[in-house]
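Trainee: Pasting a structure below so you can have a look.
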Amino acid sequence: MICPHCHVDRRQRERTHHTCDKCRKVFALDPKVEPGRLHDTKFRQLVEKATGGGLRITVEQLYWINERRLYRFPTGRETVGSVGGAVGLAVPAVVLAVVATAVGPWLWGVFAVPVLLLVLLSARQFRFRERLRPPAPMVFATSLNSFERQVIGRWRSVYHALPEGLVEHVPALPGAPMVKARAAVLCEIPAVAAFLRANDFEARHRVRLVERAALVPAGLPVVLVRDLSLAALGYAVAVRAALPGRRVVDCGLVPKAVRVPAKAVRLRGAGGAGPVDVPPALAATPAWQRLEREDRDWLVDNWTSPLITLPPAKLMAMVERAVERAVTAPVPSPAPASVASAAPDESPAETRRRAERIGFLTWPTAVPAPRGSADAAGSTGAPAARPAEGGGR
């Protein structure tokens, strides 16, 4: 490890007790001692990269940044076995067999079981050399609690303050609603709400940030910030149904955005592997029917991708674009009862267009730039381009 003070590479025995034996200065993090494989220089580099442009991040976001750094994201081409693995197991089996034969038959009684085991494992590697490895949830290098206690706590004990841009304690929401807010941002994810508050999102974008659906102000378009899971999509449908005639922009990841090989965090929901029942209200929506079978199966199998795991800059850009979509698009008008009663007689294409005109479950995806009101009025229901890494492929 290179000492962060004298910039000299020191071996582990030359930096005992978190002290460099050359400059005699104390450093905070040793990759061989603290979890997360971080040292002081790398810690600062991660914070500086994530807080470019004046952005502020939370400790939980730094934890996910480091986990993404350490995790090897699957490419979709990993196999259960390999020719290299088969050869690597066969070579020691042959060596043991040759040694046992040269020394004497009595040695076979000792080496027989290891040789047989190596041969069987080698055969298995060769047999499954073309079978793709099934998807697995992300494996963590450490836990959030350990990161906060051993990494952040150690840093504070040495330097007495966190690097510029890294926030540990985010103030709560103000009690009084903002005057002249353009939109309401409904975010029931505490970690994402803390990130938005840390960057003064309300004042900068003239919105009202609320953390419960019951607190959404009347008369404002709504941006719903959600994770990607079957339950979250079902909740988005419920919010739209509870706010008829209101513009509701769904701000979250789409299933196609987290497909392998996208560098997105994929986890199992509570209860482990599915199948999970699809909420009836969600199953009846055109958006659910338009999802590809692969994406529906992925959601039903109880996979999830938390929004807080996105890189901070991409997460902020996603919410900002959703706010612009909410304030520039026209407020949808409820469909007349006569039109609703005529639904059985209209074609599926007409039904889809009518649903899109009122903004029903429009999937949140990144757009190149906020469009003008004239252009937005003609393309309210059109899906936008997929976001980049974490929010896209």
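Trainee: Which number comes out as Rg/Rh for region 193-268 once both Rg and the Kirkwood Rh are worked out on C-alpha atoms? Numbers along the way, then the final one.
Mentor: Details: Rg = 14.3 Å, Rh = 14.2 Å.
My calculation puts Rg/Rh at 1.00.
Trainee: How would you order 97-103, 83-89, 305-311 from highest to lowest mean count of nearby Cβ atoms within 10 Å? Show your work: numbers first, answer last.
Mentor: Numbers: 97-103: 12.9, 83-89: 14.7, 305-311: 22.1.
Top of the packing list down: 305-311, 83-89, 97-103.
Trainee: Moving to a separate point now. Ordering His18, His5 by how much accessible area each has at a 1.4 Å probe, largest first, what is the list?
Mentor: Values: His18 30, His5 65 Å².
Final ranking, largest accessible area leading: His5, His18.
Trainee: Mind putting a number on the dipole of region 209-262 about its Cα centre? Charges go on the C-beta only, +1 for Lys and Arg and -1 for Asp and Glu, and I need it in Debye to the nearest 20.
Mentor: Roughly 140 debye, rounded to the nearest 20.
Trainee: How large is the dipole of region 147-228 about the Cα centre if only Lys and Arg carry +1 and Asp and Glu carry -1, each at its Cβ, rounded to the nearest 20 debye? The partial results should precede the final answer.
Mentor: Numbers: 11 positive and 8 negative charges, 39 e Å.
It works out to roughly 180 debye.
Trainee: Continuing with the same structure: Compute, for Glu320, the solvent-accessible surface of its heavy atoms (probe 1.4 Å) with the complete set of protein chains present, and express it in square angstrom to the nearest 10.
Mentor: Roughly 50 Å² of Glu320 is accessible to a 1.4 Å probe.
Trainee: Which value, in Å² and to the nearest 10, is the accessible area of Trp288 when all protein chains are kept and the probe is 1.4 Å?
Mentor: Rounded to the nearest 10, the figure is 20 Å².
Trainee: Heavy atoms only, 1.4 Å probe, whole protein assembly: order Val265, Val139 by accessible area, highest first. Can you show the working numbers first?
Mentor: Details: Val265 0, Val139 105 Å².
Ranked from most to least accessible, the order is Val139, Val265.
Trainee: Going highest first, how would you order 225-231, 65-71 by mean Cβ packing within 10 Å?
Mentor: On the way: 225-231: 22.0, 65-71: 16.6.
Ranked by mean Cβ neighbours within 10 Å, highest first: 225-231, 65-71.
Trainee: Also, quick follow-up: Post the alpha-carbon centroid distance, region 218-287 to region 1-53, in whole angstrom.
Mentor: Using only Cα atoms to place each centre, the spacing works out to 42 Å.
Trainee: Right, here's the next one. Compute, for region 48-117, the length of the dipole vector about the Cα centre, with Cβ point charges of +1 (Lys, Arg) and -1 (Asp, Glu) only. Units Debye, rounded to 20. Before the final figure, lay out the partial values.
Mentor: On the way: 6 positive and 4 negative charges, 46 e Å.
Dipole about the Cα centre, nearest 20: 220 debye.
Trainee: Still on this structure: Which net charge results for the neighbourhood of Glu78, defined as the other residues with beta-carbon distances under 13 angstrom from its beta-carbon, given Lys and Arg at +1 and Asp and Glu at -1? Could you put the intermediate results ahead of the total?
Mentor: Working: positive: Arg72, Arg77, Arg129, Arg131, Arg133; negative: Glu130.
Result for the local shell: +4.
The values are calculated or read from the model by the stated rules, or taken from the named source; none is laboratory data. None of these values were measured; they are calculated from a predicted model. Here Cβ is always computed from backbone atoms with ideal geometry, including for glycine, and neighbour counts include all displayed protein chains. These area figures cover heavy atoms from the full protein model, side chains too; ligands, DNA and RNA do not enter into them. Shrake-Rupley method; radii C 1.70, N 1.55, O 1.52, S 1.80 Å.
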